[in-house]
Structure formats: structure tokens, C-alpha cells
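Enquirer: To start, I am sharing the structure in question, which I have written as C-alpha cells.
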Amino acid sequence: MIIVDNILVDESIGKEYFDCDLTKCKGACCTFPGDYGAPVLDEEVELIKQSYIHAKEYLSEKAINYIEKYGMVEGEEGNFTTVCIDKKDCVFVFYEGDIALCGIEKAYRDGKIAFMKPISCHLFPIRAGKFGGEYLYYEEFDVCKPAPPNGKKKNIRIFESVRNALIRAYGEDWYIKYTNELKGVQ
């Protein structure tokens, strides 16, 4: 374990290779079967709601109808998630061919909104937990099996793959401290 500014980081994040390959995984992280969608921070709930008007442009009629009926975020303070359609696709999923993508992120990339997507989605496959402080860990999923060999081929480790998300979540100074700590460990 590495501790940087009171954040505990699992060593696998600095050691394991990982680089998403959408051509193989098809964006499966946005379509996991389950009762709940992506974790959403309290401060992201309103940003998601504000983003909907532009994200809606990319969504299917089914997703729009689902949001109108069930909403886009569920839960309570400290425990919000995105809503899933039929316990599978996040309500913000749209498809380009057979690849699942995020309508919020698409609106962001098209310059229509300033909010990219929930930080939990941006950090994936890193998960953030709490136990008297924040704990970052790598969670392996079968749907992500193409990512480690792709990362190895390109020499990209998990922390490099999600560099922008880590900086967004914890700041550039934190990221530099973390990478400096890794140099001491490797």
C-alpha cells in the first residue's frame, strides 16, 4: 500500500497494466448487469440533472422514456447512483454501432456542457472506498479482460490509463506525489 496525502492506494494501481480497448469490451463498464448504476457523489447529482438537457440529444427514445419515468439518479445523500434500464444499461448509455458510450461524456466532448461524467466512471477500473479515510483499489472485471493485455502491449499501467481522472479527483500535485512514491516502490 502507498499513502499519499492520507489517501491509501493499492499497489496494483501502480503495477498492473490496463488500457481500455473499446473494440473488444464494447463499453461493457456502462452496461454491467446489476441493481445499481455508477456511484455518484452528492455534489454531482445536480450537475447530472443539469447535463441531461444536452446528453438527451444522444440518448435513445427508450432511455429518455426511462429517465422521464424513473429519473436519472437514485439513492440518498452519501449513497447515490445512476439509474439502470432493466438492471443493465446506465440510463445515459447510447450506442455507436455495438459500442456503449456515455451521453453525458459525449455532450461534454462536443463542448455543450462543462461536466464530463461522474468521477467514479472516469476513474474506472479504480474504485474508491472509505475506511477512516479514502482507499483506492483496482477492481478486476471479466468484461475488462482485453484491457490488461492491451495495456501491456502499449506499456500503460492503470494509473497512467486514468491519469486525467486521478488529477481531476485529487489534483495534479497529488498525482505527482503519487508517481514519485511509485518510483521509490518499483
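The values are calculated or read from the model by the stated rules, or taken from the named source; none is laboratory data. Because the structure is a prediction, the values reported are computed rather than measured. Quick reminder, even Gly has a Cβ in these numbers, built from the backbone with ideal geometry, and neighbours come from all protein chains shown. Areas reflect the complete protein model, heavy atoms only, side chains present, ligands, DNA and RNA absent. Shrake-Rupley method; radii C 1.70, N 1.55, O 1.52, S 1.80 Å.
Enquirer: Using θ = phi - 60° and the Karplus form 6.51 cos²θ - 1.76 cosθ + 1.60, what ³J(HN,Hα) does each residue of segment 158-168 get, whole Hz, x for Gly and Pro?
Expert: For segment 158-168, the Karplus curve yields 3, 4, 6, 5, 10, 3, 4, 5, 4, 5, 4 Hz.
Enquirer: What nm distance separates the two modelled labels at Thr179 and Arg163, each placed 7 Å from Cα along Cα→Cβ?
Expert: 0.5 nm
Enquirer: Taking all protein chains in place and a 1.4 Å probe, what share, in percent, of the accessible surface of the chain do carbon and sulfur account for?
Expert: On the chain, the fraction of accessible area on carbon and sulfur atoms equals 50 percent.
Enquirer: Hey, another quick one. So how much slack lies between Ile53 and Lys88, counting 0.36 nm per residue of separation and subtracting their Cα-Cα distance, in nm?
Expert: In short, 10.4 nm is gained.
Enquirer: Hey, can you find the accessible area per residue of segment 1-92 for me, probe 1.4 Å, expressed in square angstrom?
Expert: Here the residues of segment 1-92 average 57 Å² of exposed surface.
Enquirer: Return the tail of the calculated pair distribution for the chain, meaning the percent of Cα-Cα pairs more than 22 Å apart.
Expert: 48 percent
Enquirer: Can you tell me the FRET efficiency between Lys153 and Leu41 if r is taken as the Cβ-Cβ distance and R0 is 45 Å, rounded to the nearest 0.05?
Expert: Result of the calculation: an efficiency of 0.85.
Enquirer: Further question on the same structure: Classify segment 1-86: rounded, prolate or oblate, from the alpha-carbon gyration tensor (a ≥ b ≥ c, eigenvalue square roots; a/c under 1.5 rounded; otherwise prolate if a/b is larger than b/c)?
Expert: Oblate, since a/c reaches 1.5 and b/c is not below a/b.
Enquirer: By how many degrees, 0 to 90 and rounded to 10, does the Cα axis of helix 42-55 deviate from the longest principal axis of the chain?
Expert: Tilt relative to the chain: about 50 degrees.
Enquirer: Output the relative contact order of segment 58-186, whole-number percent, from Cα pairs under 8 angstrom with separation of 6+ residues.
Expert: Answer for segment 58-186 is 12 percent.
Enquirer: Assign unit charges at the C-beta atoms only (+1 for Lys and Arg, -1 for Asp and Glu), then state the dipole size of segment 37-180 relative to its Cα centre in Debye, rounded to the nearest 20.
Expert: The dipole magnitude comes to about 620 debye.
Enquirer: Round to the nearest 10 and give me the degree value, 0 to 90, for the angle of helix 61-70's Cα axis relative to the longest principal axis of the chain.
Expert: Helix 61-70 sits at roughly 90 degrees to that axis.
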